[in-house]
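**Q** After the structure tokens below, expect a handful of questions from me.
The values are calculated or read from the model by the stated rules, or taken from the named source; none is laboratory data. Not measured: the values here are computed from a predicted model. Positions of Cβ are backbone-derived with ideal geometry, glycine not excepted, and every protein chain shown enters the neighbour counts. These accessible areas exclude ligands, DNA and RNA; they are computed on the full protein's heavy atoms, side chains included. Shrake-Rupley method; radii C 1.70, N 1.55, O 1.52, S 1.80 Å.
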Amino acid sequence: MDAVTDTRNRPLRDLRISVTDRCNFRCVYCMPREVFGRGYAFLPHSQVLTFEEITRLARLFVAQGVEKVRITGGEPLVRHDIEKLVAMLAAVPGLHDLTLTTNGALLKRKAQALREAGLRRITVSLDSLRDDVFMAMNDVDFPVQGVLEGIEAAQEAGLHPIKVNMVVKRGVNDSDALDMARYFRERGHILRFIEYMDVGTTNGWRMDDVVPAAEILRMIDGEMPLEPAEANYPGEVAERYRYKDGGGEIGIIASVTQPFCGACTRARLSAEGKFYTCLFSSAGHDLRGLLRGGATDDELSAFLRSVWRIRDDRYSEVRAEATASLPKIEMSYIGG
Ligand code: SF4
């Protein structure tokens, strides 16, 4: 079945589902404590989509062309019984790829249940192997060892591949890039370096704090020579590079210096049921109201198509210091 396409002929292929706006970390580039501190008004439970509502929407998105679903948050593992949702999504006919992004803090406890529920692979965020740096970045003093034990538990549970996402910020953890590459190369996990992005309006983003992909590549290639590798599928976010000596691969997500909007096939669903067509959107399309208002599958499907067909997002191509302060949804709300 042909996927619905947008104004730039980009098919709807990927759906990122945020299942909560809450998190047990306060990463400074995503959920700064000054904003998301005590008293912050997170979404009340009644406004958050139920597992049944999420699964129904996922089924309708798949019918419009979605082949891959990524479960995100906030931190998805803080959502109660998340493995039940994994099992429901894993059973959606026509969904070829189901994955999840986590900060790893609860992974040691949840890995086996997620695997048994039908999850095949997973992505874990980790920004440094040094406790002082990592604890300062997650701002809840959560130690590196806790995440590493989560990754080990995921491997033991049979989740494969395991990808590790590192957001690189100049003067904060850029000097850790090589250590991270050595560590995860030895363990056969795919490390992906993410350029620091101006997502939302709360992280104080400045271009000066961005370490360009080219610079990161030079750092790694200087010690462990790399060569470009084919994309796994059209629209894949990360540029892949494999080690020339066969020692595995890394990825680079260069939204700032090498925009990839031209091939962007990603839709996003927030925990309260809003449909976003870009990570840097400032407004979404309410699906929860339609769902709870008794809309039929046909009505919902027509709405999904109508939104995607007029999509023309290309924020990263037009990004400038001036656009950084535009009202945009928060990373913690939409989950990357
Ligand atoms: S900026 Fe928006 S359109 Fe461009 S790649 Fe990111 S999500 Fe897609």
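**Q** Do any residues in segment 275-293 that are away from the ligand (no atom under 13 Å from the Cβ) and basic (Lys, Arg) have Cβ atoms under 7 Å from those of residues that are at pLDDT 95 or above and open to solvent by 20 Å² or more (accessible area, probe 1.4 Å), where the two are at least six apart or on different chains, and which pairs are they?
**A** Arg288/Glu272
**Q** Tell me which of these Tyr241 doesn't satisfy, since it passes every other one: (1) surrounded by 15 or more Cβ atoms within 10 Å (Cβ to Cβ); (2) within 16 Å of the ligand (Cβ to nearest atom); (3) among the hydroxyl-bearing types (Ser, Thr, Tyr).
**A** Going through the list (1) surrounded by 15 or more Cβ atoms within 10 Å (Cβ to Cβ); (2) within 16 Å of the ligand (Cβ to nearest atom); (3) among the hydroxyl-bearing types (Ser, Thr, Tyr), Tyr241 breaks only (2).
**Q** If you don't mind, there's one more thing I want to ask. What helices (runs of 4 or more DSSP H) completely inside segment 88-174 contain at least 1 residues that are polar (S, T, N, Q) and surrounded by fewer than 23 Cβ atoms within 10 Å (Cβ to Cβ)?
**A** Those helices (runs of 4 or more DSSP H) span 107-117, 144-157.
**Q** Just give me the residues in segment 208-238 being in contact (Cβ under 8 Å) with a residue 40 or more places away in the chain, in contact with a Lys or Arg (Cβ under 9 Å, 6 or more places away or on another chain), within 16 Å of the ligand (Cβ to nearest atom) and closer than 30 Å to Arg33 by Cα, in sequence order.
**A** Val210, Ala238
**Q** Could you grab me the full set of residues in segment 308-325 that are more than 12 Å from the ligand (Cβ to nearest atom), over 20 Å from Thr265 (Cα atoms) and either part of a loop (DSSP other than H, G, I, E, B) or not charged (D, E, K, R) (or both)?
**A** Scanning segment 308-325 gives Ala320, Ala322, Ala324, Ser325.
**Q** Of the residues that sit in segment 294-307 and are part of a loop (DSSP other than H, G, I, E, B) and open to solvent by 50 Å² or more (accessible area, probe 1.4 Å), which one is farthest from the ligand (Cβ to nearest atom)? Walk me through it before giving the result.
**A** Let us first name the residues in segment 294-307 that are part of a loop (DSSP other than H, G, I, E, B), namely 294-296.
Right, trim to open to solvent by 50 Å² or more (accessible area, probe 1.4 Å) and you get 294, 296.
On the way: Gly294: 31, Thr296: 29 Å.
Looking at the filtered set, the residue picked out is Gly294.
**Q** Return a yes/no flag: does segment 275-284 have any residue that is surrounded by fewer than 18 Cβ atoms within 10 Å (Cβ to Cβ) and closer than 16 Å to Trp308 by Cβ.
**A** Scanning segment 275-284 turns up at least one residue that is surrounded by fewer than 18 Cβ atoms within 10 Å (Cβ to Cβ) and closer than 16 Å to Trp308 by Cβ.
**Q** Could you give me the residue pairs with C-beta distances under 6 Å whose first residue belongs to segment 316-333 and is under 19 Å from Cys261 (Cβ atoms), whose second residue is among the small types (Gly, Ala, Ser) wherever it lies, and which are 6+ apart or on separate chains?
**A** Ser316/Ser255; Lys328/Gly200; Lys328/Ser282; Ile329/Ser281; Met331/Gly200
**Q** So, one more: Identify, by number, the condition in (1) open to solvent by 10 Å² or more (accessible area, probe 1.4 Å); (2) modelled with pLDDT of 95 or more; (3) out of contact with any Lys or Arg (no Cβ under 6 Å at 6 or more places or on another chain) that Leu12 doesn't meet.
**A** It is condition (1) that Leu12 fails.
**Q** Okay, next question. Mind checking which pairs have a first residue in segment 254-266 that is near the ligand (Cβ under 8 Å from one of its atoms) and a second that is of a type in the set (Ser, Thr, Tyr), Cβ under 6 Å, 6 or more apart or different chains?
**A** Ser255/Ser316; Pro259/Ser316; Cys261/Ser316
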